[in-house]
1. Do we have Val135 as buried (at least 24 other Cβ atoms within 10 Å of the Cβ), β-branched (Val, Ile, Thr) and touching a strand residue (DSSP E or B) at 6+ places or on another chain (Cβ under 6 Å) here?
2. From the set of residues in the stretch 36-62 that are closer than 15 Å to Val80 by Cβ and touching a residue at least 40 places away in the same chain (Cβ under 8 Å), which is farthest from the ligand (Cβ to nearest atom)?
3. Taking the stated definitions as given, is Arg65 in contact (Cβ under 8 Å) with a residue 60 or more places away in the chain, within 11 Å of the ligand (Cβ to nearest atom) and surrounded by fewer than 19 Cβ atoms within 10 Å (Cβ to Cβ)?
4. Phe121 versus (1) farther than 25 Å from Ala34 by Cβ; (2) away from the ligand (no atom under 14 Å from the Cβ); (3) under 19 Å from the mean Cα position of the chain (by Cα): which is the lone unmet condition?
5. Against the condition out of contact with any Pro (no Cβ under 7 Å at 6 or more places or on another chain) and either modelled with pLDDT of 95 or more or small (Gly, Ala, Ser) (or both), how does Thr94 come out, does it pass?
6. Picking from Leu160, Leu164, which residue would you name as being in a helix (DSSP H, G or I) and within 24 Å of Pro100 (Cβ to Cβ)?
7. May I ask you to list the residues in the stretch 17-35 that are crowded, with 24+ Cβ neighbours inside 10 Å, within 14 Å of the ligand (Cβ to nearest atom) and assigned to a loop (DSSP other than H, G, I, E, B)?
8. If I filter the stretch 173-189 for residues that are of a type outside the set (S, T, N, Q), more than 11 Å from the ligand (Cβ to nearest atom), farther than 24 Å from Asp72 by Cβ and touching a Ser or Thr at 6+ places or on another chain (Cβ under 7 Å), do I get at least one hit?
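The values are calculated or read from the model by the stated rules, or taken from the named source; none is laboratory data. Everything quoted here is computed from the prediction, not taken from an experiment. When we count neighbours, we look across all protein chains shown, and the Cβ atoms used for this are built from the backbone with ideal geometry, even at glycine.
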Amino acid sequence: MAPPRNLAGHAALVTGAGRRLGRAFAEAIAAGGADLAVHYSGSQAGADEVVEGARAVGRRAVSLRADLSTIDGASALGEVDWLVNSAAIFEPWTIDDTTPEAWDHHQAVNLRAPFLLSQAFARHRAGRAGAIVNVLDWRALHPGPDHLPYTIAKAGLAALTQSLAVALAPAIRVNGLALGAILPPADGEGRQAVRGVPLGRWARVEEACDALLFLLAGPDFTTGTILHVDGGRHLVPGKSP
Ligand SMILES: NC(=O)c1ccc[n+]([C@@H]2O[C@H](COP(=O)([O-])OP(=O)(O)OC[C@H]3O[C@@H](n4cnc5c(N)ncnc54)[C@H](OP(=O)(O)O)[C@@H]3O)[C@@H](O)[C@H]2O)c1
């Protein structure tokens with residue numbers, strides 16, 4: 001793992017931070033010295049643990065519950081200078097079985113909520129510096145037929161990343177983190193997805209966290225970029241296993 005960055009003086013809202021990757025992102029940010037707003041929907045116990053852990057090492061931390069499939073839920077925001085849009089749903093719908101409800105739900109959580117949060121964030125910052133990282137997927141720039149509503153929402157989020165990078169410049173930098181196989185889905189499905197990854201393994205969670213911190217606290221002259229942490233998966237597009 002890279003040497004820890006000094007993130008003191010910053011405060012981040014991480015969505016979906018009560019479990020799995022979002023939680024790891026929040027914990028890495030707090031470990032670096034920044035304060036935290038820990039968003040969750042169902043994972044209250046995990047969010048509480050993240051808050052307690054951050055406070056135990058001297059950070060200010062709060063949790064906030066919001067259902068990001070609703071417009072109200074996606075507009076709530078505290079006083080933060082970093083926004084990490086990590087919450088998402090990932091369901092295996094195809095062209096044959098995608099329902100209008102499944103389509104709308106993915107667009108609402110994975111695309112509309114990051115947009116509304118970014119809009120609220122920019123209004124809060126009111127010209128002061130800030131950074132947004134949208135958590136993407138290698139599929140976003142190479143959309144295939146699997147996980148169709150998810151993939152298209154992430155493709156939209158990649159486009160939004162670039163659009164907002166221009167719209168919110170020069171105060172706010174907006175970048176994307178396009179992940180490959182980091183953690184298998186909670187139901188265990190997809191372990192075989194390591195096939196087709198040139199680097200031949202799943203990523204370590206720390207590698208995704210390092211990349212996130214790089215985009216948040218690294219070069220100030222970087223905006224609108226989409227950084228792949230996917231072992232090269234996007235270089236060999238095609239149907240996912
Ligand atoms: N895991 C991977 O290997 C991988 C690969 C590529 C990209 N990614 C991306 O990385 C990010 C995190 O992935 P993950 O695997 O950790 O996700 P995950 O386990 O599927 O967790 C989803 C997160 O989104 C939140 N969420 C879902 N629906 C919500 C809603 N309606 N309102 C509010 N929050 C909601 C959940 O909050 P609660 O639990 O509090 O309900 C949870 O924290 C996602 O953007 C995903 O697309 C992950």
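1. It is true that Val135 is buried (at least 24 other Cβ atoms within 10 Å of the Cβ), β-branched (Val, Ile, Thr) and touching a strand residue (DSSP E or B) at 6+ places or on another chain (Cβ under 6 Å).
2. Only one residue tops the list, namely Arg60.
3. no
4. Of (1) farther than 25 Å from Ala34 by Cβ; (2) away from the ligand (no atom under 14 Å from the Cβ); (3) under 19 Å from the mean Cα position of the chain (by Cα), only one is false for Phe121: (1).
5. Taking the combined requirement at face value, the residue does not satisfy it.
6. Leu160
7. Ala17, Gly18
8. yes
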